[in-house]
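The values are calculated or read from the model by the stated rules, or taken from the named source; none is laboratory data. These numbers were taken from a predicted model, which means no experiment stands behind them. Here the Cβ positions follow ideal geometry from the backbone for every residue, glycine too, while neighbour counts run over all protein chains shown. Note: areas computed on protein heavy atoms with side chains; ligands, DNA, RNA excluded. Shrake-Rupley method; radii C 1.70, N 1.55, O 1.52, S 1.80 Å.
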Amino acid sequence: MEVAALSPTSRSLPLLSTAPTHRLHLLPHRFVSGRRLRLSSRHEGFGCVRDGWGQRHSARKNGFLVTCSSSASVEPATQEVGTAVPGDWSGDVIRQRFLEFYAARGHKILPSSSLVPDDPTVFLTIAGMLQFKPIFLGKEPRRVPCATTSQKCVRTNDIENVGRTARHQTFFEMLGNFSFGDYFKKEATAWAWELATKEYGLPAERLWISVFEDDDEAFNIWHNEVGVPKEHIKRMGAEDNFWTSGATGPCGPCSEMYYDFYPERGSSDADLGDDSRFIEFYNLVFMQYNKKDDGSLEPLKQKNIDTGMGLERVARILQKVPNNYETDLIFPIIEKAASLALVSYAKADDAMKTNLKIIGDHMRAVVYLISDGVLPSNIGRGYVVRRLIRRVVRTGRLIGIRGDGHEKPEGAFLPSLAEVVINLSTQIDPAVESRRKSIIAELQREELRFVQTLGRGEKLLDELLDEALLSAGNNGNKPSLSGKDVFLLYDTYGFPVEITAEIAGERGVTVDMKGFEIEMENQRKQSQAAHNVVKLSVGNETEIVKSIPDTEFLGYDSLSATAVVKGLLVNGNPVNEVSEGSEVEILLDRTPFYAESGGQVGDNGFLYVNGGEDRKQTAVIEINDVQKSIGNIFVHKGTIKHGSVEVGKEIDASVDAKLRQGAKAHHTATHLLQSALKSVVGSETSQAGSLVAFDRLRFDFNFHRPLSEEELIKIESLVNQWIGNATHLETKVMALQDAKNAGAIAMFGEKYGEEVRVVEVPGVSLELCGGTHVSNTAEIRGFKIISEQGIASGIRRIEAVAGDAFVDYVCARDNYMRRLCSSLKVKAEDVNGRVDTILEELRATRNEVSSLRSKIAVLKAGSLASKATTVEPQNVRIVVENLGDVDADALKSAAEYLIGTLQDPAAVILGSSPGDGKVSLVAAFSPAVVKMGLQAGKFVGRIAKLCGGGGGGKPNFAQAGGRKPENLPDALEKARTEIVAVVSSSSS
């Protein structure tokens with residue numbers, strides 16, 4: 001080593017570290033992995049290190065700069081391994097060592113992105129590269145030449161394999177190093193080997209490599225330069241070792257590293273796909289081609305590196321445990337679940353261990369998803385969370401967890417498990433701890449809600465078993481539950497198929513497991529098709545913007561500007577000229593038009609093309625929307641009202657001032673609303689979406705219940721108070737971290753760079769926001785909440801108006817009140833009292849009508865008693881009739897009268913069509929008929945299904961309804977046939 005300045009304690013510096021920080025520690029020379037190092041006091045910025053392939057890297061300690069000399073070489077694989085610093089191989093240490101390893105080689109450590117990606121084409125964050133997708137596509141400039149991350153990921157396409165294999169998970173961490181046109185194959189390969197064998201100390205003889213079958217370059221690097229024996233390098237086909245982003249776009253060969261758990265089996269005929277022997281733990285993607293529409297490959301001008309190392313897989317290897325679940329990343333959750341179920345994991349059978357693994361895995365996924373703002377619901381990402389939660393709850397009940405697992409049988413056990421996950425989250429995502437209270441509250445609500453659903457599932461299962469037994473008895477077949485019914489119980493009600501089969505077996509009913517598996521496979525295919533793809537594309541839009549710089553936005557200070565047309569698009573295709581009457585998309589070098597983002601809609605207005613020295617208008621384009629495209633290019637969408645427009649023409653751009661003012665008022669009002677909401681209902685509520693339009697605002701937020709009228713009044717009053725204070729707004733651009741340190745709130749769905757715009761209403765609100773705002777709150781004029789409602793489980797929505805829209809709304813409501821007062825002939829303050837009186841009179845009239853209808857129905861029923869049919873051998877008197885258009889209450893009165901008039905045993909089935917496409921049914925059975933095995937609730941429920949409905953009730957009396965009155969005659973005839981068949985076969 002060559003040292004420009006010596007430390008008093010050591011003459012060597014490592015490229016590796018075990019410390020839980022990003023600094024490098026002084027270690028013995030042998031840990032430098034065979035590279036010759038020299039220290040220099042000279043540096044450029046962070047300082048640089050250049051290796052044998054001309055790549056620069058850097059590391060600094062105590063003022064020294066560590067650099068690799070140009071004669072650096074990679075240690076051969078045959079050299080003695082296992083010399084990495086011994087110590088604790090916890091998941092946190094493995095993660096930290098990975099990040100520090102690449103930070104020492106010039107990589108910027110970047111934080112994990114959210115599990116909710118900015119990319120609308122991707123459902124959840126499923127790969128470490130996702131946050132860099134725009135850079136790989138060339139849509140955004142790189143901010144650093146290379147980066148390293150530990151990315152939170154969620155995949156649900158293999159959910160049925162979780163717990164059943166050693167490696168499948170829904171939530172996992174992907175360690176990655178990325179190069180954006182900087183280093184490439186040689187460096188990525190050499191470092192991957194160095195990381196595995198030196199940093200982690202993995203024995204070289206246990207490592208195997210796969211390369212794409214045609215990638216001779218990668219094969220030669222691994223064998224000739226790294227030193228991996230040929231017999232440990234496998235060439236594999238495109239299905240395994242060629243990464244593509246879709247039908248077109250960036251792509252390239254892969255090289256994967258495998259760990260061999262059983263090297264004693266030898267190299268002959270070794271199959272890297274054998275999960276019982278090998279585990280793939282590091283995947284290197286060499287993104288070097290662009291796949292064109294015709295399938296041909298052209299070299300990318302900027303070659304990139306995208307890698308992924310599964311943290312849980314590496315932890316399994318280093319911690320020497322049989323599967324990913326028994327690593328310290330997941331096992332503490334499993335142990336907690338086992339304690340709640342009063343079982344020992346070590347002594348548990350395979351089925352019990354599988355269930356505990358499912359709980360451990362899924363709990364990580366739901367905690368991190370909820371922390372990132374995904375709440376349980378029946379749609380979209382919320383459905384994923386709900387499904388995972390339900391799997392945990394039903395699995396917990398299956399292994400014996402009752403209530404909260406402690407002293408409360410009616411409690412919830414998910415909060416106890418969540419506490420463990422949150423305690424483990426510090427090094428993964430520190431924000432999870434700050435959301436502990438809201439995460440636990442949401443899990444508790446969802447579990448208790450689902451327990452009620454499970455109760456309904458048990459009831460449905462009971463009914464399905466009764467139907468299966470009845471149907472089998474009538475047809476002489478063996479009773480069986482269909483695969484569709486079993487899947488309905490599983491998917492909709494969360495009923496474990498194992499419990500369904502067990503209960504059915506006790507009743508003598510078999511389960512169509514083959515049909516159930518078909519339904520499961522259909523769902524699995526749909527899930528895989530929807531959620532396991534990261535799409536990239538390189539198309540016309542990329543080509544047209546290569547020569548177009550980002551649009552300069554002038555709209556904060558001006559509503560008009562002169563600009564130059566840089567591009568024209570018609571139906572997405574670039575053109576040079578567009579004529580009158582055409583729809584067009586226009587790209588300008590500068591614009592006063594706001595492009596839709598952060599919830600605020602794009603501006604409207606006009607573009608005027610001026611010609612000649614007199615600047616006479618030669619064309620007029622009406623702009624009705626503005627969107628952001630690749631990078632920060634504004635796309636002005638509109639119609640050419642007059643003349644034509646060409647690329648290169650100078651135009652005058654003019655924003656509709658009235659509409660812009662409406663957007664400004666509603667945007668600032670949205671900030672005030674969020675502050676008022678947090679003040680009234682609690683700071684734990686957070687934004688879940690927004691719309692800032694010219695005539696209204698919409699604000700979605702996370703909250704578990706409807707807001708009361710008093711809370712809404714308080715919120716409205718607070719906002720109007722702040723408006724009346726006439727406070728001047730302050731805006732400034734600052735570093736993102738400084739803004740966060742100051743307490744600025746980020747707007748939902750917005751993507752931020754290293755510098756951000758901060759909008760402050762002093763003393764009220766501080767938010768990161770690129771939108772347009774009023775200069776003084778008094779410009780908002782007034783604020784009125786129009787509605788508050790739930791739009792999904794745990795998501796509420798407030799709609800409101802401000803500015804001119806507020807004035808219009810109030811005036812319109814005043815006109816309605818005037819007309820109402822005139823119609824009722826009362827003053828405004830007396831309207832409520834008068835309306836209450838009218839409603840009371842209406843209720844009394846309706847009750848009187850209902851009473852009369854019931855009397856009429858009873859009179860009709862009186863004549864039916866004489867028409868009763870007597871069925872042997874028990875002399876059961878049966879009445880099955882259609883009473884026409886009587887309503888449900890009258891039908892009930894008629895049935896009660898008949899069953900009271902007829903002697904026991906008796907059965908009454910009545911139906912009616914009261915209008916509006918409705919069907920009413922009622923069944924009344926005497927005690928002796930109930931003893932024969934007939935239950936009114938189940939019986940009438942089956943009959944109602946024929947009329948497109950359902951219902952139920954007690955064994956002796958039940959009601960039902962439907963929506964197909966045309967089927968009522970056939971339904972009543974079936975009821976007559978079934979009840980006669982049952983009582984005829986009864987012997988007692």
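In plain terms, the bigger the Kirkwood radius, the slower the diffusion; for the chain, with that radius from Cα pairs, at 10 °C and 1.306 mPa s, Stokes-Einstein puts D at 47 µm²/s. Near Y259, once Lys and Arg are set to +1 and Asp and Glu to -1 for all other residues with Cβ below 10 Å from its Cβ, the sum equals +2.
Near the amide H of S582, within less than 5 Å, lie the amide hydrogens of I640, all on another chain or at least 5 residues away, with H placed in the peptide plane. A straight line joining the Cα centroids of the range 639-662 and the range 226-264 runs 54 Å. Over the C-alpha trace of the range 781-856, radius of gyration and Dmax come out as 19.3, 61 angstrom.
How charged is the neighbourhood of H642? Take every other residue with its Cβ under 11 Å from the Cβ of H642, and add Lys/Arg as +1 and Asp/Glu as -1.
With Lys, Arg at +1 and Asp, Glu at -1, the neighbours total -1.
For the range 858-905 versus the range 365-426, the spacing of their alpha-carbon centroids is 51 Å.
Within the range 320-381, list the chymotrypsin sites (Phe, Trp or Tyr not before Pro) lying in a DSSP loop whose Cβ has at most 16 other Cβ atoms in a 10 Å radius. The partial results should precede the final answer.
Numbers: sites: Y325, Y345, Y368; in loops: Y345.
Of the chymotrypsin sites (Phe, Trp or Tyr not before Pro), not one in the loops of the range 320-381 has a Cβ with at most 16 other Cβ atoms within 10 Å.
For the range 124-212, a Kirkwood radius taken over Cα pairs fed into Stokes-Einstein (10 °C, viscosity 1.306 mPa s) yields D = 102 µm²/s.
Calculate what fraction, in whole %, of the accessible area of the range 656-735 sits on carbon and sulfur atoms when a 1.4 Å probe is rolled over the protein chains.
Working: 1700 of 3410 Å².
Result for the range 656-735: 50 percent of the exposed heavy-atom area is carbon or sulfur.
Assuming a viscosity of 0.692 mPa s and a temperature of 37 °C, what translational diffusion coefficient in µm² per second does Stokes-Einstein assign to the range 400-504, Rh being the Kirkwood radius over Cα pairs? Display every interim value, and only then the final one.
Details: Rh = 16.3 Å.
In µm²/s, the coefficient is 201.
Computed from Cα positions, the angle between helix 414-423 and the longest principal axis of the chain comes to roughly 10 degrees.
Using a probe of 1.4 angstrom and keeping all protein chains present, the accessible surface of the range 568-680 works out to 39 square angstrom per residue. A rounded overall shape is assigned to the range 158-275, the ratio a/c of its alpha-carbon gyration tensor axes (a ≥ b ≥ c) being less than 1.5.
Look at where the Cα atoms of the range 939-988 and of the range 548-596 average out, and the two centres are 67 Å apart. Give the shape of the range 745-903 as rounded, prolate or oblate, defined through the alpha-carbon gyration tensor: a ≥ b ≥ c are the square roots of its eigenvalues, a/c under 1.5 means rounded, and otherwise the shape is prolate if a/b is larger than b/c and oblate if not. In terms of gyration-tensor shape, oblate. What the Cα atoms of the range 597-677 give is an Rg and a Dmax of 16.2, 56 Å. Within the accessible surface of the range 189-249, defined with a 1.4 Å probe on protein heavy atoms only, the carbon and sulfur portion equals 42 percent. Only protein atoms count toward the accessible area here, which uses a 1.4 Å probe; on the range 366-413, the carbon and sulfur part of that area reaches 47 percent. Taking a quarter of the surface of the Cα convex hull of the range 645-684 gives a mean projected area of 5.1 nm². Summing charges over all other residues whose Cβ lies under 15 Å from the Cβ of V929, with Lys and Arg as +1 and Asp and Glu as -1, gives +2. Shape call for the range 259-387 from the C-alpha gyration tensor, a ≥ b ≥ c root eigenvalues: rounded (a/c under 1.5), prolate (a/b greater than b/c) or oblate? Taking the square roots of the gyration eigenvalues as a ≥ b ≥ c, the range 259-387 is oblate. To the nearest ten degrees, helix 804-824 and the longest principal axis of the Cα atoms of the chain are 10 degrees apart.
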